[in-house]
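J.: The structure under discussion is supplied below as structure tokens; questions concerning it will follow.
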Amino acid sequence: MLRTTKALMLATDVGFIVYFGVTGLGLIPPEWAFADYANPLMAAWNWSFLWIDLLASATGLTSLWLLRKNGPGGPPLMLVSLVLTMASGLMAIAFWTLRGDFSPAWWIPNLYLMLFPLPAIVCLITGAAARLRSMES
């Protein structure tokens, strides 16, 4: 599972960076954009994700590098990245739910962001809990 998680993290973290680059350059065709994309309030909502997504990318890419080098900070940083990614997807899904907007083009990627981290988060937390219990003994 760790290999799959690493591959998904790499794709997701690079995808966050690419998405905001493409968005910043105005390269998203209007027919692919979410509802009310041209509305300044919706544009501000979209850009409000920049910091959480870039932080998820930075911690994710750093954790992957540390894991490759067998650095001890890899797993904790991976957990931080996965939680941030999950929160980003959850925030978007909550927003679209409140708006009553159920476009698969935006729900599918955000459900992915919300759900793909879950198995690895559980593994990282239960593994850390087991290590802590063994240290107490």
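The values are calculated or read from the model by the stated rules, or taken from the named source; none is laboratory data. As the structure is a computational prediction, the values presented were derived from the model and not from experiment. For neighbour counting, all protein chains shown are included, and Cβ atoms are generated from backbone atoms with ideal geometry for every residue, glycine included.
J.: Looking at Leu8, Leu55, Leu82, Leu64, which is the one that is more than 16 Å from Ala120 (Cα to Cα), surrounded by 14 or more Cβ atoms within 10 Å (Cβ to Cβ), of a type in the set (A, V, I, L, M, F, W, C) and modelled with pLDDT of 95 or more?
T.: After applying the criteria, what remains is Leu55.
J.: Still on this structure: Mind checking which helices (runs of 4 or more DSSP H) fall wholly inside region 32-137 and carry at least 2 residues that are within 14 Å of the chain's Cα centre (by Cα) and closer than 23 Å to Thr5 by Cα?
T.: Values: elements: 40-47, 50-68, 74-99, 104-115, 118-136.
Ranges flagged: 50-68, 74-99, 104-115, 118-136.
J.: May I ask you to list pairs of residues, at least six apart or on different chains, whose Cβ atoms are under 7 Å apart, with the first in region 49-66 being under 18 Å from Ile93 (Cα atoms) and the second being surrounded by fewer than 18 Cβ atoms within 10 Å (Cβ to Cβ) and of a type in the set (Lys, Arg)?
T.: none
J.: Here is a check on your reading of the model: is Ala43 of a type in the set (A, V, I, L, M), at pLDDT 95 or above and either touching a strand residue (DSSP E or B) at 6+ places or on another chain (Cβ under 8 Å) or loosely packed, with under 15 Cβ neighbours inside 10 Å (or both)?
T.: No.
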